[in-house]
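Each remark here refers to the structure printed beneath this line.
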Amino acid sequence: MDRPLVKHAHAQCHVLLKVEGADTEFDVGGRRVALTDESAVLINAWEHHSYVHRAGQPPTIILALYIEPIWLSAFRGNWEASAGPGFFPHPGGAITPQIRRQVGETAEAMVQDPGDAATHERLIGRLMVSIIERLALWREVQPSLRARATAMRAPDRRIARAQALMRADPARIPSMEWLARESGVSRAHFFRLFEAETGISPRVYLNTQRVERAVQAVANDTRSFTDISADLGFSVPAHFSRFFHDHAGSSPSTFRDVSALRDSG
């Protein structure tokens, strides 16, 4: 990483681990969290975060793991709870020498043989088991009272409609004002309702939908970036490239090249 990332969120929990380079920081839910050789950054699903880059700071190589709950549940059934809030009780935590070694082994394997997906998955699985057993609340099988109350409460239909519109086709959302009107509330009330319901702003939620589609298209499509940019609603390809870099941490071309190396195996 050699430049900031904007505030964003993901549907999956994820873990950030330093491979080499300078120590650095992330903002997780409004809290500064250090990323060092001895500590990891832990981000729950739908928790907003951003990369804090200081001008002149040397780059940092980061192993970023975005973890699907269903994949995790294959290790332990209740690890599917990673899809909800509070799976990681703190946004950062100290890692053991064993975890540090596993980070190095995983990163080295991914660089040495980018196409060996089976080995990568085995190493990532081993690493995630070590991290979750140390730093997550996985032993708490029963959800908290707050989580149960939230699950039992019917979602606000206006916010559910807005989310459905954004998931269906984020490129067709012309503005937040339009989305508020479609939801039947004023813009200010819409923002308050949305954040109360989801914990993030509607703009962050919309950008999450756009970047997920962008990542899939860049990695898996053979279309030009100009075509992908237009499909995702960007007026010019340069805006798409900036958006992609600000959210994914690399240019679309670099991301596609690395994905091609992975798929070549």
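Worth pointing out:
- Condition check for W79: of a type in the set (F, W, Y), part of a helix (DSSP H, G or I), under 11 Å from C13 (Cβ atoms) and modelled with pLDDT under 90: yes
- For region 34-41, the count of residues that are of a type outside the set (D, E, K, R), touching a residue at least 40 places away in the same chain (Cβ under 8 Å) and more than 17 Å from V103 (Cβ to Cβ) is zero.
- Residues of region 23-69 satisfying the condition of being modelled with pLDDT under 90, of a type in the set (D, E, K, R) and under 24 Å from P85 (Cβ atoms): E68
- Residues of region 8-22 classified as closer than 21 Å to A83 by Cα and not in a strand (DSSP E or B), total: 4
- Test: V129 is modelled with pLDDT of 90 or more, in a helix (DSSP H, G or I) and in contact with a helix residue (DSSP H, G or I) (Cβ under 8 Å, 6 or more places away or on another chain): no
- Residues in region 27-59 that are surrounded by fewer than 19 Cβ atoms within 10 Å (Cβ to Cβ), under 18 Å from the mean Cα position of the chain (by Cα) and among the hydroxyl-bearing types (S, T, Y): 1 in all.
- Close Cβ contacts (under 6 Å, 6 or more residues apart or on different chains) running from residues in region 99-116 that are surrounded by 15 or more Cβ atoms within 10 Å (Cβ to Cβ) to residues that are charged (D, E, K, R) comprise P114/R262.
- Counting only helices (runs of 4 or more DSSP H) wholly contained in region 149-254, the ones carrying 2 or more residues that are farther than 28 Å from G84 by Cβ and either in contact (Cβ under 8 Å) with a residue 12 or more places away in the chain or in contact with a strand residue (DSSP E or B) (Cβ under 8 Å, 6 or more places away or on another chain) (or both) occupy 202-220, 225-231, 237-248.
The values are calculated or read from the model by the stated rules, or taken from the named source; none is laboratory data. All values reported here derive from a predicted model rather than from experimental measurement. Neighbour counts run over all protein chains shown; Cβ positions are idealised from the backbone, glycine included.
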